[in-house]
Amino acid sequence: MEHPLCKRVMKRITMQQFVKLLIIFDFFHLALGQTLPPPRSVNDIANPLVDLEKCGRKGMRSHICDPDGIIPVEQAYQLDDIIRSIYNDTFCPCSPTICRPESQGGYLVGIAVIRAMRLERSIRRLNTSREDQAQYMNAVLNEARHFAYKLLQEWKMGRCNEDVLIFFSEHDSVLYTVTHSKARAKLTDDVLGEIAMHSRIHFSHRETIPEGFKKMLDSYRRVFLDDYVTKSSLESGQPEVEYHPKLSGSEANSSRHYCTVFLLLLNVVAATVWQLVT
């Protein structure tokens, strides 16, 4: 027997409007009913070279920390293989005393990927109105910069500032690469930005995130081997981008770092739902 309320509602709206209401209700039901990602502070992200049980790598030494299991195990193995090939195939950019025969490997790359950053409530509150979106995005970028730089410092991958760290927070939709001075001599901010632009589409969906990292790593490898052609070079007719590393006294300062940022399209609805239930 049809409920009296249903009769009154159906008299006032068309079937097309009713279907739209069902779709909207179903969307919010799914959004509120799903298990939302646990936010992490930077201190929750371990060093995969030392803390072998805390990075989702099944106890193996790795250059990837994925405590939330974003990357499937087999694909994480593949990414580790690519990172090792970057080290083995590129030349050691350090001084002769460091680049000994038993240590001829080149550049080192690390990856940290989490579901969500732990943001202050004051930051999350900014995401409730369109007027505050720019301020919210800047705050998220600042947090990602803090995460990436601190992890780069703590992991201590490099011997002479030749290391790179890629940080990605899935829920916050932010991808951030930070480099130390020797790596940045080749992997400049402009090149990093272009590579991020070419890879960004893969970070929009969970299943294609590993492919995004593979594409970035392959591009970084080609840059380090002087085999990367920028879009600007192609447009200007130049055969390839030229790099002229300038070694100076300031480069010896290990605290000097350079960052490039690429903020992916924020999912405002998902972020708002996350805010409502936390």
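The values are calculated or read from the model by the stated rules, or taken from the named source; none is laboratory data. Because the structure is a prediction, the values reported are computed rather than measured. Counting neighbours? That spans all protein chains shown, and the Cβs are built from the backbone with ideal geometry, glycine included. SASA here: full protein model, heavy atoms, side chains in, ligands and nucleic acids out. Shrake-Rupley method; radii C 1.70, N 1.55, O 1.52, S 1.80 Å.
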Worksheet item: So, how do all the Cα-to-Cα distances of the range 84-151 break down into 5 Å bins, in percent, from 0 on up?
Response: 3, 14, 17, 12, 11, 9, 8, 8, 8, 7, 3, 1
Worksheet entry | For the range 100-203, accessible area per residue (1.4 Å probe, heavy atoms of protein chains only), Å² | 41
Response to the item:
The percentage of the accessible area of the range 166-235 (probe 1.4 Å, all protein chains present) made up of carbon and sulfur atoms, to the nearest whole number, is 46
Item to complete: Sort 86-99, 64-77 for me by packing, meaning the mean count of neighbouring Cβ atoms within 10 Å per residue, highest on top.
Response: 64-77, 86-99
Discussion item. Suppose R0 equals 45 Å. What FRET efficiency, 1/(1 + (r/R0)^6) with r the Cβ-Cβ distance, do Arg121 and Ser95 give to the nearest 0.05?
Written reply: 0.40
Discussion item. Taking amide H atoms as placed 1.01 Å from N in the peptide plane, list the residues 5 or more away in sequence, or in a different chain, whose amide H sits under 5 Å from that of Met117.
Written reply: Arg40, Asp172
Response to the item:
Sorted by chain and then number, the residues having a modelled amide H within less than 5 Å of the amide H of Ile64, at least 5 places away or on another chain, are Ile111
Item to complete: Filter the chymotrypsin sites (Phe, Trp or Tyr not before Pro) in the range 108-155 to those in DSSP coil with at most 10 other Cβ atoms within 10 Å of their Cβ, and list the result.
Response: none
Practice prompt. Could you run the Karplus curve 6.51 cos²θ - 1.76 cosθ + 1.60 with θ = phi - 60° over the range 133-142 and give me ³J(HN,Hα) per residue in whole Hz, x for Gly and Pro?
Written response: 4, 4, 5, 5, 5, 5, 5, 5, 4, 4
Practice prompt. Would you kindly state how much longer the chain becomes between Lys54 and Asp190 on full extension, computed as 0.36 nm times their sequence separation minus their alpha carbon distance, in nm to one decimal?
Written response: 45.6 nm
Worksheet entry | Glu74 paired with Glu211, simple spin-label distance in nm, labels 7 Å along Cα-to-beta-carbon | 1.6
